[in-house]
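Worksheet: the structure to be examined is printed underneath.
The values are calculated or read from the model by the stated rules, or taken from the named source; none is laboratory data. Keep in mind that what you see is a predicted model, and the values were worked out from it rather than measured. All Cβ positions, glycine included, derive from the backbone under ideal geometry; neighbour counts span all protein chains shown.
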Amino acid sequence: MRQLFMKRKVSNPSETFTVTNRNEEDVYGVSVDSIDNELFITIHNPVHEQVAVVTNNRSEEFFRFTVEVDNEKVFTIEKRLSPVASNYVVTGDKLNLDDDFFDMSFNIMLGYRKVAKLRNRWTTRGDSYEITVFEDENEPAIIGLVSILDFIKNNEEKKSNVI
């Protein structure tokens, strides 16, 4: 088990930040980039090797974000565009969320087994997420998922605050 900490309110393309452990040592670097209106989030280890990537795909009917590790899709976050409501749905082939992600307090499950949990936490670095990972092999995918969910949540909050 390992606890990681990531800052909250990622909202700007071209933003870079780190994910740290309990001793405030860098464990992952996260880069948010926008190229031709396409969002890319890259997660890399301390030696700058890419370990996960988040990409987006848009059409007239939906927004879709995909979290990939080793060129394998782990999570898909999809928003259906509708005049009535816009809901996000998070799906995974193996891993699933257990609760509403907009609260940003949930468990990530593999069947009935909890592989990670996410909670809001105030740390010396400010408003952060505490990510407790119980199975190391899932860390990159979980960091990618939390990064894009935070990005989505923050941008949705900005939209709702516009008068």
Loosely packed, with under 14 Cβ neighbours inside 10 Å, out of contact with any Ser or Thr (no Cβ under 8 Å at 6 or more places or on another chain) and at pLDDT 80 or above: does that describe ASP127?
yes
Here is a list of conditions, (1) crowded, with 17+ Cβ neighbours inside 10 Å; (2) at pLDDT 85 or above; (3) farther than 21 Å from VAL27 by Cβ, and PHE63 meets all of them except one; can you say which number that is?
(2)
Among the residues that make up the stretch 62-74, is at least one of them closer than 20 Å to THR20 by Cβ and assigned to a strand (DSSP E or B)?
no
